[in-house]
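Worksheet: the structure to be examined is printed underneath.
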Amino acid sequence: MTATPRLLTGRLVLDPLRVEDAEEMAVVLADPALYTFIGGEPPSVERLRDRFGRMIAGPGPDDAGEVWHNWTVGLRAASGDEPDGGPAVGTVQATVTPAEATSDVAWVVGTGHQGLGLATEAAAAMAGWLLSTGIHRLVAHIHPEHAASERVAQKIGLLATGTFDDDGEQLWALDGPDEEA
């Protein structure tokens, strides 16, 4: 599996996650309302630095066979030919199991930028890249009352499976093209 690339959309820059992003992301993730459906509480800058360091280091022995791709999502600010990432608005992530050509996907956009289609745009960019690398199945775990995330999933082509994980979240899946196709 390839390294996590920079992804560009019409309005966004998805940059590979860096420990240095913790301070800006702590502000984006500070609203307790973000945790209504996913649990937890807003993280401190230090907790985010630690978490981002672990995420960048990649899977440990308990997660052997996985590849992690994590991006910060920033508003795109064109500067010459190469767009610069503007203010951070969220993150997207993919936990890839190459042996099965599958990936769990997730997204979060800060409350101040919700309702603008940014989560859909970022998730679609990530999904498109994953499918282009040979991943054949994308899966998102979504709380059954989280209508906004369900809409993002639908807009990027995922379908509700009717299957629920141990946390009570419904699995939404997209089956991409087969290898032979």
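Laboratory data are not the source of any read-out in this text; all were calculated from the coordinates shown. Nothing here was measured: the structure is a model prediction, and the numbers come from that model. For neighbour counting, all protein chains shown are included, and Cβ atoms are generated from backbone atoms with ideal geometry for every residue, glycine included.
Projecting the Cα atoms of 160, 98, 39 onto the dipole axis of the stretch 7-175, where Lys and Arg carry +1 and Asp and Glu carry -1 at the beta carbon, places 160 farthest toward the positive end.
Order 6-12, 127-133, 41-47, 66-72 from most to least packed using the mean count of other Cβ atoms within 10 Å.
Per-residue mean Cβ counts within 10 Å order the peptides as 66-72, 127-133, 6-12, 41-47.
Among 121, 24, 145, the residue with the largest mean-square fluctuation in a Gaussian network model of the chain, with springs joining Cα atoms closer than 10 Å, is 145.
From helices alone, the chain scores -7500 deg cm²/dmol at 222 nm; the rule is -39500 (n - 2.57) for each run of n ≥ 4 DSSP H residues, then divide by the residue total.
Extension gain for the segment residue 167 to residue 132, taken as residue separation times 0.36 nm less the Cα-Cα distance, is 9.6 nm to one decimal. Taking all Cα pairs closer than 8 Å and separated by 6 or more residues, the relative contact order of the chain comes to 19 percent. Computed 3J(HN,Hα) for the stretch 88-105, one whole-Hz value per residue from the Karplus formula 6.51 cos²θ - 1.76 cosθ + 1.60 where θ = phi - 60°, is 5, 10, x, 9, 9, 8, 9, 10, 9, 10, x, 4, 9, 6, 10, 8, 7, 10, glycine and proline marked x.
In sequence order, the stretch 146-161 has phi-based couplings of 8, 4, 5, 5, 4, 5, 4, 4, 4, 5, 9, x, 7, 10, 5, 8 Hz under the Karplus curve 6.51 cos²θ - 1.76 cosθ + 1.60, θ = phi - 60°, and Gly or Pro positions carry x. Residues whose amide H falls under 5 Å from that of residue 136, counting only those 5 or more places apart or on a different chain, are 102, with hydrogens built in the peptide plane. Normalised size of the chain, defined as Cα radius of gyration per 2.2 N^0.38 Å with N residues, equals 1.00. Between 64, 153, 22, the Gaussian network model of the chain with springs among Cα atoms under 10 angstrom shows the greatest mean-square fluctuation at 64.
In order along the stretch 11-20, the Karplus-derived 3J(HN,Hα) couplings, from 6.51 cos²θ - 1.76 cosθ + 1.60 at θ = phi - 60°, round to 10, 10, 10, 9, 9, x, 4, 10, 4, 4 Hz, and Gly and Pro are given as x.
If the only charges are +1 at each Lys and Arg Cβ and -1 at each Asp and Glu Cβ, what is the size of the charge dipole of the stretch 7-175 around the Cα centre, to the nearest 20 debye? Spell out each step's value before the answer.
Details: 10 positive and 25 negative charges, 82 e Å.
Magnitude of the dipole: close to 400 debye.
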